[in-house]
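Enquirer: Please find one structure pasted underneath; my questions will follow.
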Amino acid sequence: MRCLITGGSGFIGSRLARRLMERGHDVRILDLVVNPALADHTIQGDVSHAHVVRQSLEGVDVVFHLAAQHRDDVQPVELYYTTNVDGMRVLCDEMDRAAIRRLIFTSSVAIYGFDTQDGDEETAPAPANHYGKSKLEAEQVVNAWLRRGGGREAVVMRPCAVFGPTNRGNIFNLFRQVMSGRFVMVGDGKNRKSMAFVENVVDALLFVMERPGSLVVNYADKPDLCMNELVRVVCRAGGLRMPRLRLPKWIGLLAGHGLDFAARLMRRTFALSAVRVNKFCATSVVNADLIRTLGFVPRATLAEGVGLTLRSEFPAVRARKPRILLMNQTFWPDIVATAQHCHDLAKHLVGDGFEVTVIASRSLYGTHGSTLPKREHVDGIAVERTGRTIFGNSGFLSRSLDFAGFTVLALWRAITLPRFDAVICCTTPPFLGIAGIALRALRGGSVLLWMMDLYPEVPVAAGVMQEKSFACRFFHMIDRSCLGRADAVVVLGERMRERVLRKGASIRRLETIHVWADKEEVRPIEPDHNPLRAQWGFGHELVLQYSGNFGLGHESEAMFRAMERLRDERSVAWLFVGGGRKRAELDSFLRQGGIHNVSVRPYQAREDLSHTLCVGDVHLVTIARGFEGVLVPSKFYGALASGRPVVYIGPRQSEIADTIQELGCGFVFECDEVDGLVSTIRRLSEDRSLALRLGERARAGLVSAYSREHACRLWSRLVSNFTAVTSDSGVDRD
């Protein structure tokens, strides 16, 4: 396809030209200025001159009309109308002469005026300056052209303020002022601004090119930032503190009018003007939902776009690695799930160019004393360990004291370290976010809460705390305070998301990122090729495997009843690998019931995970009543990675049940559906091909949506949003 881009030498147009050529299109540019890199494709001329436009349109299939007078200080003002309106009339007439029926026009949200409050495409125009008025008149010319019929199609895109590398507009000037340390906020900084990253705008233009029909559409990258938030993003990227000096708007306007008067006398322009003060202090927010409902997905978030721009323009940002602190009581070499996930995430962030420090306990989970070194480096991660477990897992009160002690010591250790750009706080121990929020108050940075489980919901569901007790109400108050003060809250699934929203968390700050398994670390192994299966005494029977923590949040009664009913069936065996609070209950049940087709093993080393998880033919995952949405067993994702079907026992309104139904990789039973559970186990024992088919779906689901790479990439993008420095894997590229 041959495409004409008017204004194709400019900021947006040159990028659009290169992207079209990369896709194999023939590109021609009409512009007053010749971009040396695109000189062979350029006709130099004015869009308001018919003979030049006629020459440019020869053999063209579609026209992108970007040429415009857009600066705030164009003189004389008639130039806005000569270029923006008369140029559009000439273009439409010459397109008719050349029988070209497809036009894509970049208008502007300036047609809505300065102070826009979430206006959409149906909002009545109210332009406040000559640029906006001329763009509105140009749209009216396009509408008149469309009314001529004959198969004419036009897309009118209204982008908001566009920024990106090499642009020297108002947004760049703001960035430069902040990075210089001389920025002064005018007004209260609470006014929000819609902005658009240039690469996303180009993608949007390519998207509407491929969509037939006529359309009017706004473009802005979301969520919108207020001026305080935007300045904070730039300060984070540059490692700067927020500017303290502020001026009331009226002082800014007074200075702007004074400089306007001086500009007229001296016949020159100044960086500050009354128009620019009004624009800076106005709320300019547009609704850009329409293009997303049509299926457009931007390649970069707004914060990523800011980060890419800052890295491109400011050497101090390029040279600086953002510093991330991750706080969790457990970490490598501990083998509990939270330790493994924190290790995976920290390694990924290091690989993406972040400087990562972890603060963890000197004790292994559930043990007494301090056995781990105070400091070490692991996979490029600086590990700082503090405190020790005094009481172990001996009871709720003793664990609470250990948790409180670790929180205080972790905060103290963090204070003694250099400043961090972002702090990720897990929920081991509960309310560790208090330390992160206190650290932010003292040192700055952002706080991200990683909700591995919910408190005080866990002790309430376990029956060790009463819902209406003073302690429960107190802990709910702390939790709501942490959720309300965090910069972002990461939950593990939609059920947990619903609970956290009911607790009062802001939907704008909520992110859903599942936990994971590593598809390279855990690979399916056929039973006959797994030496561990024979070593543990299993043959050709159907092995039902439960791996990981067997704690208060996991259903046990239905499994025990099924084990009793299948105790004499030689075609079925049971395997438990791991530990937890219910391990003693399991041992007691096996002794008293005289059940012998069960093998119980301790936790295994992570490097043996593939062989361990592939001993069984079917994996068991359970959740006790009341724990749905409160926790998500990570063992489920290991089961998917092993390529085994999953039998889930627990409330149907849970993340695991939803995922099994979505992937079609197993069976779901309520806690009292023992008959169905036993019947399904017998069916799987008789039909091994069914288990194989379900296992293949499980593995495919893990690879496509629940792998370590997928989840850690989402985490990296999120962290980038709070450091304004985009990792190499953060933005997809053509």
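Enquirer: Which of the residues belonging to the range 288-309 are without any contact (Cβ under 8 Å) to a residue 60 or more places away in the chain and under 17 Å from the mean Cα position of the chain (by Cα)?
Expert: Arg292, Val297
Enquirer: Follow-up. Pick from the range 660-673 the residues that are part of a helix (DSSP H, G or I) and without any contact (Cβ under 8 Å) to a residue 24 or more places away in the chain: which of them is surrounded by the most Cβ atoms within 10 Å (Cβ to Cβ)?
Expert: Ile660
Enquirer: Within the range 282-304, which residues are buried (at least 17 other Cβ atoms within 10 Å of the Cβ), modelled with pLDDT of 90 or more and in a helix (DSSP H, G or I)?
Expert: The one that is buried (at least 17 other Cβ atoms within 10 Å of the Cβ), modelled with pLDDT of 90 or more and in a helix (DSSP H, G or I): Ile291.
Enquirer: With the condition being closer than 26 Å to Asn35 by Cα and among the basic types (Lys, Arg), I'd like the helices (runs of 4 or more DSSP H) fully within the range 61-150 carrying at least 1 qualifying residues.
Expert: Once the helices (runs of 4 or more DSSP H) in the range 61-150 are filtered for at least 1 residues that are closer than 26 Å to Asn35 by Cα and among the basic types (Lys, Arg), what remains is 87-97, 130-146.
Enquirer: Let me ask something else. Could you pull out the residue among Val234, Val277, Val317 that is farther than 30 Å from Ala382 by Cα, in contact with a Leu (Cβ under 7 Å, 6 or more places away or on another chain) and assigned to a helix (DSSP H, G or I)?
Expert: Step by step, each of Val234, Val277, Val317 is checked, and only Val277 is farther than 30 Å from Ala382 by Cα, in contact with a Leu (Cβ under 7 Å, 6 or more places away or on another chain) and assigned to a helix (DSSP H, G or I).
Enquirer: Assess whether Arg413 counts as being closer than 18 Å to Ser363 by Cα and at pLDDT 90 or above.
Expert: Answer is yes for this residue.
Enquirer: Could you grab me the full set of residues in the range 233-250 that are without any contact (Cβ under 8 Å) to a residue 60 or more places away in the chain and buried (at least 17 other Cβ atoms within 10 Å of the Cβ)?
Expert: If the condition is that a residue be without any contact (Cβ under 8 Å) to a residue 60 or more places away in the chain and buried (at least 17 other Cβ atoms within 10 Å of the Cβ), then Cys235 is the only one that fits.
Enquirer: Okay, next question. Among the residues of the range 452-511, write down those that are part of a helix (DSSP H, G or I) and in contact (Cβ under 8 Å) with a residue 60 or more places away in the chain.
Expert: Selection gives Glu457, Val458, Pro459, Val460, Ala461, Ala462, Glu494, Arg495, Met496, Glu498, Arg499, Arg508.
Enquirer: Let me ask something additional. Of the numbered conditions (1) in contact (Cβ under 8 Å) with a residue 40 or more places away in the chain; (2) farther than 30 Å from Arg23 by Cα, Leu272 satisfies every one except a single condition; which is it?
Expert: (1)
Enquirer: Select, from Gly676, Gly701, Gly695, the only residue that is at pLDDT 95 or above, surrounded by fewer than 19 Cβ atoms within 10 Å (Cβ to Cβ), part of a helix (DSSP H, G or I) and small (Gly, Ala, Ser).
Expert: Values: Gly701 fails: surrounded by fewer than 19 Cβ atoms within 10 Å (Cβ to Cβ); Gly695 fails: surrounded by fewer than 19 Cβ atoms within 10 Å (Cβ to Cβ).
So the residue among Gly676, Gly701, Gly695 that is at pLDDT 95 or above, surrounded by fewer than 19 Cβ atoms within 10 Å (Cβ to Cβ), part of a helix (DSSP H, G or I) and small (Gly, Ala, Ser) is Gly676.
Enquirer: Among Ala641, Ala657, Ala624, Ala605, which is without any contact (Cβ under 8 Å) to a residue 12 or more places away in the chain and not assigned by TED's automatic domain parsing to the domain that holds Arg497?
Expert: Criteria check complete, one pass: Ala657.
Enquirer: Name the residues in the range 620-659 that are part of a strand (DSSP E or B), farther than 25 Å from Glu526 by Cβ and β-branched (Val, Ile, Thr), would you?
Expert: Thr622, Ile649
Enquirer: May I ask you to verify whether Gly353 is part of a loop (DSSP other than H, G, I, E, B) and not assigned by TED's automatic domain parsing to the domain that holds Glu210? Please lay out each step first, then the result.
Expert: Numbers: part of a loop (DSSP other than H, G, I, E, B): yes; not assigned by TED's automatic domain parsing to the domain that holds Glu210: yes.
Judged against the criteria, Gly353 is a match.
Enquirer: Look at the range 581-605 and say how many of its residues are over 18 Å from Gly537 (Cα atoms), buried (at least 17 other Cβ atoms within 10 Å of the Cβ) and not aliphatic (A, V, I, L, M).
Expert: 2
Enquirer: Then there's this: Out of all the residues in the range 494-516, is one or more of a type in the set (Ser, Thr, Tyr) and either at pLDDT 95 or above or crowded, with 20+ Cβ neighbours inside 10 Å (or both)?
Expert: Yes: one or more hits.
Enquirer: Scan the range 527-539 for residues that are surrounded by fewer than 12 Cβ atoms within 10 Å (Cβ to Cβ), in a loop (DSSP other than H, G, I, E, B) and either touching a residue at least 12 places away in the same chain (Cβ under 8 Å) or of a type in the set (Ser, Thr, Tyr) (or both) and report the count.
Expert: Counting residues in the range 527-539 that are surrounded by fewer than 12 Cβ atoms within 10 Å (Cβ to Cβ), in a loop (DSSP other than H, G, I, E, B) and either touching a residue at least 12 places away in the same chain (Cβ under 8 Å) or of a type in the set (Ser, Thr, Tyr) (or both) gives 1.
Okay, residues lined up against (1) of a type outside the set (D, E, K, R); (2) on the phi < 0 side of the Ramachandran plot:
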position: His540; (1), (2): yes, yes
position: Gly548; (1), (2): yes, no
position: Glu569; (1), (2): no, yes
position: Ile595; (1), (2): yes, yes
position: Val600; (1), (2): yes, yes
position: Val615; (1), (2): yes, yes
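Enquirer: Moving to a separate point now. Do the conditions hold for Val275, that is, is it under 30 Å from Ala128 (Cα atoms), aliphatic (A, V, I, L, M) and modelled with pLDDT of 90 or more? Before you say what the answer is, go through the steps one by one.
Expert: Numbers: under 30 Å from Ala128 (Cα atoms): yes; aliphatic (A, V, I, L, M): yes; modelled with pLDDT of 90 or more: no.
No: the conditions fail for Val275.
The values are calculated or read from the model by the stated rules, or taken from the named source; none is laboratory data. All values reported here derive from a predicted model rather than from experimental measurement. Positions of Cβ are generated from backbone atoms using ideal geometry, with glycine treated the same way; all protein chains shown enter the neighbour counts.
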